[in-house]
Amino acid sequence: AVITVTTVGYGDYTPVTVCGEVVACFGGLSGVFVLGLPISIIGVKFQERYYDMLSELRVQEERLRLLNVDKRLQAMRGMQALGAKILGPNAAKNGKLTAKDKEKIKRVTLAIFKEVDTDKSGIIDAEELGAALSKLGADVDIEVLEDIMKEMDDDNNGGIDSIEFGLFVERCIRGDLPNTTDLASSTSINAG
């Protein structure tokens, strides 16, 4: 069995003389080195490549997560343009709204809310929210809509009522939106 492991033979032939035994020992040790050294190097290289592959995978996941955060930020910042559409060119100076501005926002958002609340339930879902934001001039992806829904849903009932909708639009106009750190921490990946 020892000779088989050393790759010299199967052990069916054995040396008879001392010189033959020395040559067989040398052959056995050479076989162990010839196989052992490359196998250990291959194993180490395989492990290095495997860790490199895992690192690349984590980088790709992080890149996708950050792209999602960027999409969300762009959508929410784009909603600040709502101020110009609702209030005109004098929209929210330095994030401050007058009572008149707030009343106008409330009227416009309530009218849009009633128009897109197709089932007349008093609560809009993601699809209806997409239609509402589209009417306000902010077209948003469905994934971002779901994130915006979470941001708007103050009472966590899974839907947006007219008050939550109006308050969110008002916050957007004021520029009171989540920052990059808030969004990045809310979409963290599992570090594995």
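Any read-out appearing in this document is the output of simple, stated calculations on the displayed coordinates, not a laboratory observation. Every value quoted in this text rests on a predicted model; they were computed, and no experiment measured them. Here Cβ is always computed from backbone atoms with ideal geometry, including for glycine, and neighbour counts include all displayed protein chains.
Of 45/71; 120/150; 96/150, which sit over 29 Å apart, Cα to Cα? Before the final figure, lay out each step's value.
Working: 45/71 39 Å; 120/150 21 Å; 96/150 25 Å.
Cα-Cα > 29 Å for 45/71; rest within.
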Peptide ranges 146-154, 47-55, 160-168 listed from the most packed, as the mean C-beta count within 10 angstrom indicates:
160-168, 146-154, 47-55
Tell me, in nm to one decimal, what length is gained between residue 64 and residue 121 on full extension, where the rule is 0.36 nm per residue of separation less the Cα-Cα distance?
16.9 nm
